[in-house]
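No lab work stands behind these numbers, since they all come straight from the coordinates. Every value quoted in this text rests on a predicted model; they were computed, and no experiment measured them. All Cβ positions, glycine included, derive from the backbone under ideal geometry; neighbour counts span all protein chains shown.
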Amino acid sequence: MVSLFFILLGFVLLYFGAEWLVKGSASLALKAGISPLIVGLTIVAMGTSAPELVVSTLSSLRNAGDLALGNVIGSNIFNIAVILGFASLFSPIKIHKQILKFDLPVMIIATAVLLFFIVDRNISRVEGCILACGIVAYLIKSVFLARKDKQKVDFQESANSKFWLDLLLLISGIALLVLGSHFLVEGAVKLARFWGVSEAIIGLTIVATGTSLPELATSIVAGVKKEADIAIGNIVGSNIFNILSILGIASIIAPMQSKGIGFYDLLFMVLSVAFMTLFILTGRSIRRWHGAILLCLYGTYLVIIWPK
């Protein structure tokens with residue numbers, strides 16, 4: 001009963017957190033003359049990836065490598081297959097040229113590096129440092145692009161601007177997302193362990209879903225509000241942060257060993273990235289039928305990995 005209460009409370013907090021985060025970040029972007037895409041790729045992506053950071057770092061410290069790595073791999077699959085799938089069902093998502101030229105290639109490279117690092121089912125401190133250096137380079141480049149893009153956006157701030165209110169909404173939204181994810185994961189993990197599900201499966205599915213719900217809530221709210229740049233930027237940015245920042249920091253704190261991550265987990269992570277890339281390159285947009293395919297992909301993944 002307590003577990004179900006935690007799950008329900010988590011959903012409520014996630015809803016309001018996503019609402020406030022999108023509203024605050026979009027308003028700040030407009031006032032500061034920064035495009036919503038840049039905000040989605042950085043501030044929103046970092047904020048909605050905070051639950052993954054907390055879960056993976058704590059798991060790493062507790063020598064629960066399966067849970068930490070499974071959380072990131074499962075979250076990245078969920079972000080593309082489910083979140084992008086659902087968001088495109090609400091409204092087709094047009095792809096900004098910056099995503100195509102810079103952020104999508106970075107996500108593909110980060111995924112390839114992760115595959116290379118976990119061939120031996122281990123991520124060392126040295127590999128963690130390489131990943132962490134990658135996120136620093138990505139942020140520096142993103143700041144440069146933001147300054148370049150700022151010149152093309154009209155500065156909207158006025159004397160009557162509610163800057164501090166928007167900032168408060170942004171910070172409060174991130175806080176609620178983290179808190180909501182905590183309650184949701186706590187309840188879900190207790191239920192899963194009661195059912196006798198393995199740690200790796202918990203990380204790849206329940207925990208990954210719980211920590212990715214901020215991205216799901218944020219992207220759906222952004223889609224409904226016609227903030228497509230925040231929706232796609234949030235997904236791509238979160239996947240980049242999950243690999244480079246979260247695994248980087250977690251493995252620097254404590255090297256990770258993961259024997260429970262299997263062939264199908266890595267295969268579907270690659271397939272989700274491949275399908276997304278194919279859809280973007282062929283149509284410069286994610287259409288509703290693309291979203292349906294992505295959702296079917298995730299359904300297939302669950303059928304294959306869930307204990308029979």
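From the phi angles alone, apply the Karplus equation (6.51, -1.76, 1.60; θ = phi - 60°) to the range 120-136 and give each ³J(HN,Hα) in whole Hz, x where the residue is Gly or Pro.
8, 6, 8, 10, 7, 5, 4, 5, x, 5, 5, 5, 5, 5, x, 6, 5
Using a 10 Å cut-off on Cβ atoms, rank the peptides 123-129, 262-268, 175-181 from the highest mean neighbour count down.
Taking the mean over residues of other Cβ atoms within 10 Å, the ranking is 175-181, 123-129, 262-268.
Contour minus end-to-end for VAL119 and LEU61, with contour as 0.36 nm per residue of separation and end-to-end as the Cα-Cα distance?
On the way: separation 58, 0.36 × 58 = 20.88 nm, distance 2.16 nm.
That pair, VAL119 and LEU61, stretches by 18.7 nm at full extension.
With the cut-off at 1.5 for a/c, could you classify the range 218-299 from its C-alpha gyration tensor as rounded, prolate or oblate? If you can, show how the numbers build up before the last one.
Values: a/c = 2.52, a/b = 1.51, b/c = 1.67.
Oblate, because a/c is 1.5 or more while a/b does not exceed b/c.
Amide H to amide H under 5 Å from SER285: which residues, 5+ apart in sequence or cross-chain, H placed 1.01 Å off N in plane?
Amide H neighbours of SER285, under 5 Å, 5+ apart: ILE95.
Compute the long axis of helix 228-240 from its Cα atoms, compare it with the longest principal axis of the Cα atoms of the chain, and write down the angle in degrees, 0 to 90, nearest 10.
40
Can you give the charge dipole size of the range 171-308 about its Cα centre, rounded to the nearest 20 debye, using +1 on the beta carbon of Lys and Arg and -1 on the beta carbon of Asp and Glu? Could you put the intermediate results ahead of the total?
Working: 9 positive and 6 negative charges, 61 e Å.
Using only the charged Cβ atoms, the result is roughly 300 debye.
Where the only charges are on Cβ atoms (+1 Lys, Arg; -1 Asp, Glu), what is the dipole of the chain about its Cα centre, to the nearest 20 debye?
540
Once you have the alpha carbon radius of gyration of the chain, what is it after dividing by 2.2 N^0.38 Å, with N set to its residue count? Intermediate results must be reported in sequence, preceding the final value.
Values: Rg = 18.3 Å, N = 308, 2.2 N^0.38 = 19.4 Å.
Working it through for the chain, the quotient is 0.94.
Quick one: Karplus J couplings for the range 241-250, per residue in order, coefficients 6.51, -1.76, 1.60, θ = phi - 60°, nearest Hz, x for Gly and Pro?
5, 4, 7, 6, 8, 5, 5, x, 5, 4
Tell me the angle of helix 208-224 to the major Cα principal axis of the chain, expressed in degrees between 0 and 90 and rounded to the nearest ten.
Relative to the chain, helix 208-224 is tipped by roughly 30 degrees.
Sum -39500 (n - 2.57) across every DSSP H segment of at least 4 residues in the chain, then divide by the residue count to get the 222 nm mean residue ellipticity, nearest 500.
Values: 13 runs with 220 residues, N = 308.
Mean residue ellipticity, 222 nm, calculated: -24000 deg cm²/dmol.
With everything on Cα atoms, drop me the angle between helix 263-283 and the longest principal axis of the chain, reported from 0 to 90° to the nearest 10.
20
Based on the Cβ-Cβ distance from LEU191 to LYS101, what FRET efficiency comes out when R0 is 30 Å, to the nearest 0.05? Write out the running numbers ahead of the final one.
Working: r = 43 Å, r/R0 = 1.44.
The pair LEU191/LYS101 has a calculated efficiency of 0.10.
Using R₀ = 35 Å, calculate the FRET efficiency as 1/(1 + (r/R₀)^6) where r is the Cβ-Cβ separation of GLN257 and THR300; round to 0.05. Working shown, then result.
Working: r = 28 Å, r/R0 = 0.81.
So the FRET efficiency works out to roughly 0.80.
With unit charges on the beta carbon (Lys/Arg positive, Asp/Glu negative), name the residue among LEU281, LEU191, LEU177 whose Cα is farthest towards the positive pole of the charge dipole of the chain.
LEU281
³J(HN,Hα) across the range 103-112 via Karplus (A = 6.51, B = -1.76, C = 1.60, θ = phi - 60°), whole Hz, x for Gly/Pro?
Karplus values, whole Hz, x for Gly and Pro: 5, 5, x, 5, 5, 5, 5, 4, 5, 5.
Quick one: length gained pulling VAL143 to THR277 fully straight, 0.36 nm per residue minus the C-alpha distance? Can you show the working numbers first?
Numbers: separation 134, 0.36 × 134 = 48.24 nm, distance 2.41 nm.
Length gained between VAL143 and THR277: 45.8 nm.
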